Amino acid sequence: MDTVGLTAEYNPFHSGHEQQLALIRKEAGQASGIVVCLSGPFCQRGGPALLDKGVRAGLAIRMGADLVLELPQAFAFSSAERFAEGAVRTLLSTGIVRQLAYGTEDPLSHSLIRETAALLAQEPAELSARLRQGIADGLGFAKAREEALADYSQNPRMARLLRNSNTILAVEYEKALARYGPLPTMALPLFDKENISASLIRDRIQEARDSREPDALWQLMQDLATLLPPASLALIMDALTRKSGLVTEEDLALSFLLSPAFSRRESLAAMEGMQGGLAGRLFNELKNDPARALGQGP
């Protein structure tokens, strides 16, 4: 019997997540265990989780997980590399996880994902030099790494893997495993071909909250019924009806804007992930167009 580890945010838990857990159980065997490493109050893109971590953990257990562990917050809203590192180290620390599963836009490229991760984990000097040059030329990290990998490997397919967010994380999981303890891995499809997207679902929830239409919540429930398992839908609709227990990015936007940490360029520059000129760009946006900087503008 294998115990399979999986990292997730479940923000919110949708039908694609349900299908992933079912596929893991099918592939690993009905007697297998599933351990989920779950983001806490904040998720990888820096936004708050819609529902409390305890609520999401309980839902994961109801939907097929056997154990849920919290991904430490310092990793949870860090870069893809740090996010994956924290998740892998958390799962390995249990001593019971024997296989790692992850979602990817291209599960048929499982071998290439592992090959790419092995190359990036080695950090060849020439590849690092190409990456630094790309950043010096004004490219963002993601684009600079993609171009550096394409030039170094002479394999366009390998470089194209780094264009998709879930596959980037898949590569980072494999990198972390190469460094902290090799495990076999399982590449899962995302099951999002029918617009089952967590970000789209969050946007739809925000629209319903903002709407003045009397039947906005009813219409939202109809829309989400095809995207969320009944248990997940019930939790979200209950929180919306009670106007308690559900947090969106808009709820915290003004608090962030008024925080002393955002009032000085130096404070922003000292934050993790704000290097490479990002602090200056964000500071200028906050100063000139705060609504747009916080994602509230047109």
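The values are calculated or read from the model by the stated rules, or taken from the named source; none is laboratory data. It should be emphasised that the depicted structure is a prediction, and the values quoted were computed from it without experimental measurement. Glycine gets a Cβ as well: all are built from the backbone with ideal geometry, and neighbour counts include every protein chain shown.
Couple of notes before you dig in:
- Being modelled with pLDDT of 95 or more, polar (S, T, N, Q) and not assigned by TED's automatic domain parsing to the domain that holds R45 is a property that holds for S232.
- Screening S111 against (1) at pLDDT 95 or above; (2) among the hydroxyl-bearing types (S, T, Y); (3) surrounded by 17 or more Cβ atoms within 10 Å (Cβ to Cβ) leaves a single unmet condition, (3).
- Annotation: A170 fulfils all but one of (1) surrounded by 13 or more Cβ atoms within 10 Å (Cβ to Cβ); (2) free of Cβ contacts under 8 Å to residues at least 12 places away in the same chain; the unmet one is (2).
- When the residues of region 174-209 are filtered to those that are assigned to a helix (DSSP H, G or I) and free of Cβ contacts under 8 Å to residues at least 24 places away in the same chain, the one that is farthest from P107 (Cα to Cα) is E207.
- Just so you know, in region 113-167 the residues that are more than 29 Å from P184 (Cβ to Cβ) and either of a type in the set (V, I, T) or not in a helix (DSSP H, G or I) (or both) include one that is nearest to the chain's Cα centre (by Cα), and it is G140.
- Residues in region 1-34 that are free of Cβ contacts under 8 Å to residues at least 60 places away in the same chain, in contact with a strand residue (DSSP E or B) (Cβ under 8 Å, 6 or more places away or on another chain), under 16 Å from R98 (Cβ atoms) and of a type in the set (G, A, S): S32 only.
- Given (1) without any contact (Cβ under 8 Å) to a residue 60 or more places away in the chain; (2) surrounded by fewer than 22 Cβ atoms within 10 Å (Cβ to Cβ); (3) over 18 Å from the mean Cα position of the chain (by Cα), number of the condition M63 does not satisfy: (1)
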